[in-house]
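Have a look at the structure below before the remarks.
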Amino acid sequence: MTKERKSWATKDVAIVQELLALMTLSAAECAALASLREEAKSAAPAVVEEFYGRLLAHEATREFITDPKRLGGTLAAWFVELFCGKYDEIYARSRLSIGMVHVRIGLPVRYPLAMMDIISRHGERIAAGRGETAIAAFRKVLAIDIATFNQAYENNQLHHLIDLVGSERLARRILYGELASRK
């Protein structure tokens with residue numbers, strides 16, 4: 001029988017704190033990103049235009065876009081927050097909330113993940129103005145956001161499995177494929 005995994009005890013906003021420790025995001029890196037917030041605000045309209053231009057051009061993603069103007073504002077705010085320099089519980093709750101909205105509307109995870117190339121390219125271009133430290137910091141923060149976003153999908157799957165099988169431990173073993181490997 002498989003033992004409990006330490007990672008299973010980390011939940012909700014503690015996930016972001018765990019990821020921050022894993023990614024070793026330093027105070028200097030946070031400061032470098034925070035110093036670029038105004039540049040991120042200036043770049044946000046171009047990010048929104050490219051992001052939604054691509055989504056609206058694709059029939060399968062277009063059906064999820066009900067209010068492009070409102071969604072564009074949300075995307076712009078999210079992009080700018082990548083450069084906030086403060087990655088705390090409030091930040092974590094925001095990121096988990098964004099993921100849960102995508103889960104609630106039934107958006108397949110492949111779509112937002114595929115769109116990260118746009119976010120990455122624009123963010124790295126902004127960070128390049130402060131050098132390698134800022135570029136590395138941006139990559140770390142974006143990775144944390146992507147991991148947190150994915151966690152929302154995983155949490156949703158886990159909660160459904162717990163409802164079905166009645167046990168979090170068994171649900172985790174199913175979700176992570178531990179039972180399938182015994183065949």
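It is to be established whether one or more residues within the range 28-46 are over 30 Å from GLY72 (Cα atoms) and loosely packed, with under 14 Cβ neighbours inside 10 Å. Yes - at least one qualifying residue is present in the range 28-46.
Of all residues in the range 131-154, those that are of a type in the set (Phe, Trp, Tyr) have Cβ atoms under 7 Å from Cβ atoms of residues that are surrounded by fewer than 21 Cβ atoms within 10 Å (Cβ to Cβ) and at pLDDT 95 or above, 6 or more apart or on another chain, in PHE138/GLU124. Screening the range 73-128 for helices (runs of 4 or more DSSP H) wholly inside it with 2 or more residues that are over 21 Å from LYS140 (Cβ atoms) and of a type outside the set (Lys, Arg) returns the ranges 89-104.
If you check TYR91, TYR111 for being within 13 Å of the chain's Cα centre (by Cα), of a type in the set (Ser, Thr, Tyr) and buried (at least 19 other Cβ atoms within 10 Å of the Cβ), only one passes: TYR91. Residues being free of Cβ contacts under 8 Å to residues at least 60 places away in the same chain, in a helix (DSSP H, G or I) and either in contact with a Phe, Trp or Tyr (Cβ under 9 Å, 6 or more places away or on another chain) or among the β-branched types (Val, Ile, Thr) (or both) are entirely absent from the range 51-58. Considering each residue of the range 121-144 in turn, none proves to be hydroxyl-bearing (Ser, Thr, Tyr), more than 16 Å from LEU25 (Cβ to Cβ) and surrounded by 13 or more Cβ atoms within 10 Å (Cβ to Cβ).
The values are calculated or read from the model by the stated rules, or taken from the named source; none is laboratory data. Note that the coordinates shown come from a computational prediction; the quantities given were computed from them, not determined experimentally. Every residue, glycine as well, gets a Cβ built from its backbone with ideal geometry; the counts of neighbours run over all protein chains shown.
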